[in-house]
Amino acid sequence: MTFHEQFIKRCFNLAQQGAGSVSPNPMVGAVLVHQNTIIGEGFHRQYGNAHAEVNAIQNVPFHLRHLIPAATLYVSLEPCCFFGKTPACTNLILEQRIPKVVVSCLDATPNVNGKGIEILRAHGVEVITGVLEVEGRQLVKPRAVFATQERPYVVIKLAKSQDGFIGKSEEQIWLTNAYVKRLVHKWRSETDAILIGTNTAKIDNPQLTNRYYFGKNPQRIVLDEHNSLPNHLAIKDQLIPTIVVTAASTVDEVPHEHLSYLQLPFNQTLLPNLLKSLHNRKVGILLVEGGAKLVQSFFDAGLWDEARIFETSHQLGDGIAAPNVPASVFETKYIGQDKLTVYMKEG
């Protein structure tokens, strides 16, 4: 590992501490280094709050602040160059007279996308880019999708038996182990919203919370074409903000603090329209938890980015067949006895 790579790795580690709190902004980490020693570090902690570069500079101890104009700033993502929720980080870098910046990858946000680097170089700052670029792009992929495709980053999650079934019709079946349940709840804490279909809501009656982990509960979304799901279901408990997506011409007009309706036609435009609406609501990461028909529709439309598929040792014999993921394997690991295979959509 090179000198630059070590500090960019540290940026990655810092950035990941913002998971679940910064979306639809990217996770970003930054370290300020003087003569091979980190004198300040930080990460983007909360959407709308200070960026990683700001926190890194502010965290430099008072007795070391005179070293900032002789230090190198390492950042996992290109510094922003426009005033959004916060001032431009390029301005801060220039104000602090930081002479050198090392970046992992460029920011795909249209307002940035290389402009931040251009501004710094135009003002005499030495900028090095492309350090661990593949890893850097993977870290900010949800933001890139949100900014360039104007939809959330879509993660598919499914569990299947060893013989290829996700469950049985009209029967609730639990396939994975307790460790997987805890992991899935961690994933929920890192997403903005969870989506399920009508049958999953009726048969499994999931709460869709992250009660086995820490952090916020994501917004819940359920497809209910005819607005026929009964009110006793957990998804309608009104404890967590929930959207019922329906084609029904009339819905419950009684206002609820945590239950709302989104009326959309249930045809080939359903998923694009839903994702567009979620983008407008600042949903940066969407976790799709089933069922098979809904997941297949995302695969068929090409409106997905990552699939996380658990395979267990259970044998069901028959039931609802698991969809085939139209992509190659990105990563495989074991959670106890259950195998987790991660797929990434190409392109």
Pick out the one residue from 124, 197 that is of a type in the set (Gly, Ala, Ser), over 20 Å from residue 323 (Cα atoms) and at pLDDT 95 or above. 124
Could you grab the pairs with beta carbons closer than 7 Å, sequence gap of 6+ or different chains, first residue in segment 139-164 and closer than 10 Å to residue 24 by Cβ, second one among the β-branched types (Val, Ile, Thr)? 142/285; 147/109; 152/283; 152/285; 153/145; 153/285
Looking at (1) modelled with pLDDT under 95; (2) farther than 30 Å from residue 219 by Cα, can you tell me which one residue 104 breaks? (1)
The correct count of residues that are farther than 16 Å from residue 243 by Cα and touching a strand residue (DSSP E or B) at 6+ places or on another chain (Cβ under 8 Å) in segment 179-197 is 7
Would you say residue 332 is loosely packed, with under 15 Cβ neighbours inside 10 Å, in contact with a Ser or Thr (Cβ under 9 Å, 6 or more places away or on another chain) and β-branched (Val, Ile, Thr)? yes
Residues of segment 15-49 being under 15 Å from residue 76 (Cα atoms) and in contact (Cβ under 8 Å) with a residue 40 or more places away in the chain, which ones? 15, 16, 19, 25, 26, 27, 28, 29, 30, 31, 32, 33
For residues in segment 42-82 being under 22 Å from residue 121 (Cα atoms) and polar (S, T, N, Q), which is least open to solvent (accessible area, probe 1.4 Å)? 76
If you go through 293, 236, the only one that is closer than 19 Å to residue 175 by Cα and of a type in the set (Lys, Arg) is 293
Need the failing condition index for residue 39 against (1) farther than 20 Å from residue 190 by Cβ; (2) open to solvent by 40 Å² or more (accessible area, probe 1.4 Å); (3) of a type in the set (A, V, I, L, M, F, W, C), just the number. (2)
Filter segment 241-297 down to residues that are among the charged types (D, E, K, R) and in a helix (DSSP H, G or I) and give me whichever is nearest to residue 21 (Cα to Cα). 276
Within the group 60, 131, which residue is on the phi < 0 side of the Ramachandran plot and in contact (Cβ under 8 Å) with a residue 40 or more places away in the chain? 131
Could you look through segment 218-232, keep only residues that are farther than 20 Å from residue 266 by Cα and modelled with pLDDT under 95, and pick out the one that is surrounded by the most Cβ atoms within 10 Å (Cβ to Cβ)? 231
Just wondering, is there one or more residues in segment 126-141 that are surrounded by 15 or more Cβ atoms within 10 Å (Cβ to Cβ), among the small types (Gly, Ala, Ser) and in a helix (DSSP H, G or I)? yes
Selected residue (criterion: surrounded by the fewest Cβ atoms within 10 Å (Cβ to Cβ)) from residues of segment 298-313 that are assigned to a loop (DSSP other than H, G, I, E, B) and in contact with a helix residue (DSSP H, G or I) (Cβ under 7 Å, 6 or more places away or on another chain): 303
Name the residues in segment 200-243 that are aliphatic (A, V, I, L, M) and over 23 Å from residue 159 (Cβ atoms), would you? 239, 243
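Please count how many residues of segment 150-177 are open to solvent by 80 Å² or more (accessible area, probe 1.4 Å) and more than 19 Å from residue 304 (Cα to Cα). Can you show your working first?
Taking segment 150-177 first, the residues open to solvent by 80 Å² or more (accessible area, probe 1.4 Å) are 150, 162, 169-172, 174.
Within this subset, residues satisfying the condition of being more than 19 Å from residue 304 (Cα to Cα) are 162, 169-172, 174.
Matching residues across segment 150-177 total 6.
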Would you mind telling me which numbered condition in (1) touching a residue at least 40 places away in the same chain (Cβ under 8 Å); (2) over 21 Å from the mean Cα position of the chain (by Cα); (3) within 20 Å of residue 109 (Cβ to Cβ) residue 52 fails? (2)
Take residue 207 and tell me if it is open to solvent by 70 Å² or more (accessible area, probe 1.4 Å), under 30 Å from residue 314 (Cα atoms) and either among the basic types (Lys, Arg) or within 21 Å of the chain's Cα centre (by Cα) (or both). yes
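The values are calculated or read from the model by the stated rules, or taken from the named source; none is laboratory data. Please read these numbers as outputs of a predicted model, since none were measured by experiment. Heads up, the Cβs are rebuilt from the backbone with ideal geometry, glycines too, and the neighbour counts pull from every protein chain shown. The accessibility values were calculated without ligands, DNA or RNA, using every heavy atom of the protein model including side chains. Shrake-Rupley method; radii C 1.70, N 1.55, O 1.52, S 1.80 Å.
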